[in-house]
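Single-structure report; data block below.
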Amino acid sequence: MFPLNPLFPPLLKDGCSRISSAVLSHTTPQFPFIHGSLLDLTKCLSSLVSVQGCVTEIYKSLFKGKFDNVGAMCCKAFSAIDAKCWPQMFPLNLLFPPLLKYECSRIAVASTHK
């Protein structure tokens, strides 16, 4: 979990500092600022939303760890996304986008040889 979750180290550090200071009051945890905005994320997702069911296909593959349900049109839409969008779209699993891009390249090659 530690290498895949960019929010974990700052939250752990914050939590440990509160324990070591022996302050036992209830406070709201402060989350680190995540670069980007909702507008940026909307722009990043726009190509995926244009292909019916693509967002669902990608998130199913993210949670199942299998890429067999991602179609060729969805792969084409995903490949059009700028790599700068990936950390905003998949902040908890930065390894997923390169894996999906690789699998999509294989899907594209397989669909041209049919």
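The numbers here are math on the coordinates, done by the rules we state, and not lab data. These numbers were taken from a predicted model, which means no experiment stands behind them. Cβ: placed from backbone, ideal geometry, glycine included. Neighbour counts: every protein chain shown.
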FRET efficiency, 1/(1 + (r/R0)^6) with R0 25 Å, evaluated for residue 56 and residue 99 via beta carbons: 0.90
In µm²/s, what is D for the range 40-109 at 10 °C and 1.306 mPa s, where D = kT/(6 pi eta Rh) by Stokes-Einstein and Rh is the Kirkwood radius from Cα pairs? 134 µm²/s
Find how much the distance from residue 64 to residue 108 grows on full extension, using 0.36 nm per residue of separation minus their present alpha carbon separation; answer in nm with one decimal. 13.7 nm
